[in-house]
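Here the structure comes first, spelled out in structure tokens, and everything after it is commentary.
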Amino acid sequence: MSETSETTETIGLRLQRQLAATPEEVFDAYTDAEKQKIWFSILDEEPGVVEIEVDLRVGGTQTAVWGPDRDTLFRETQTFLEIDRPNRLVTESTGSEPDGNSMTTHIVMTFEANDGGTLVTVEQTGFPTPEVRDFFETMAWVGGFDRLEVYLVRYAGA
């Protein structure tokens, strides 16, 4: 389920995904560098580059660098603004593409125990255009959740 918003001040999205794991398992899989290194590439046919460092504290950062090869790398640095494990995570995210384009967005994630699993809600604002927002809503987050879901089933016993 997702919703989009568009005002003169901000372009954002809100989406939800039910995952078959506890809020603690989902939160930890999303924020732990070693777990991320697995799920970032869990659906890839060819191994690529995945480098992740996490300093999980308010003011700390998570830096992820990934791509099919060293010449085609994406980078995202999230600064942790609020951490309430396993309920809520708020970050400012600055991402860049291999061509040098970059953007900064604000992300609020909640992890709510629901129906034997976890309902994850993502609210991301600050997209430069509706087209970029639409890509994140239909591709980036969907792909990320798909990978996280496979990881949780294989490794968290979901």
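The values are calculated or read from the model by the stated rules, or taken from the named source; none is laboratory data. Worth saying up front: this structure is predicted, and the values here are computed from it rather than measured. Glycine gets a Cβ as well: all are built from the backbone with ideal geometry, and neighbour counts include every protein chain shown. These area figures cover heavy atoms from the full protein model, side chains too; ligands, DNA and RNA do not enter into them. Shrake-Rupley method; radii C 1.70, N 1.55, O 1.52, S 1.80 Å.
Scan (i) 1.20; (ii) 0.94; (iii) 1.00 for the value of Rg/Rh (Cα atoms, Kirkwood Rh) calculated from this model and give just the label.
Structure-derived value, by its label: (ii).
What residues have an amide H closer than 5 Å to that of ALA21, excluding those fewer than 5 places away on the same chain, when H is modeled at 1.01 Å from N in the peptide plane?
THR118
So, with +1 on the Cβ of K and R and -1 on the Cβ of D and E, and no other charges, what is the size of the charge dipole of the range 19-158 about its Cα centre, to the nearest 20 debye? Could the numbers behind the result be given before it?
On the way: 10 positive and 27 negative charges, 56 e Å.
Rounded to the nearest 20 debye, it is 260 debye.
For the chain, report the accessible area per residue in Å² (1.4 Å probe, heavy atoms, rounded to an integer).
Heavy-atom SASA per residue in the chain reads 54 Å².
Kindly rank 38-47, 123-132 from highest to lowest mean number of other beta carbons found within 10 Å of each residue. The partial results should precede the final answer.
On the way: 38-47: 13.3, 123-132: 15.9.
Final packing ranking: 123-132, 38-47.
Report the one residue of TRP66, LEU43, LEU89 whose Cα lies farthest in the direction of the positive end of the charge dipole of the chain (charges on C-beta: Lys and Arg +1, Asp and Glu -1; origin at the Cα centre).
So the residue we want is LEU89.
Sequence gap at least 6, Cα distance under 8 Å: using those rules, report the relative contact order of the range 29-158 to the nearest whole percent.
17
Picking from GLY116, TRP141, MET103, whose Cα lies most toward the positive end of the charge dipole for the range 88-143 (charges on Cβ: Lys, Arg +1; Asp, Glu -1)?
The Cα lying farthest towards the positive end belongs to GLY116.
With a 1.4 Å probe and every protein chain kept in, tell me what percent of the accessible surface of the range 10-58 is carbon plus sulfur.
In the range 10-58, the share of accessible area belonging to carbon and sulfur is 49 percent.
Label the range 110-158 by shape, choosing from rounded, prolate and oblate, from the square roots a ≥ b ≥ c of the eigenvalues of the Cα gyration tensor; if a/c is under 1.5 it is rounded, and otherwise prolate applies when a/b is larger than b/c, oblate when it is not.
Oblate.
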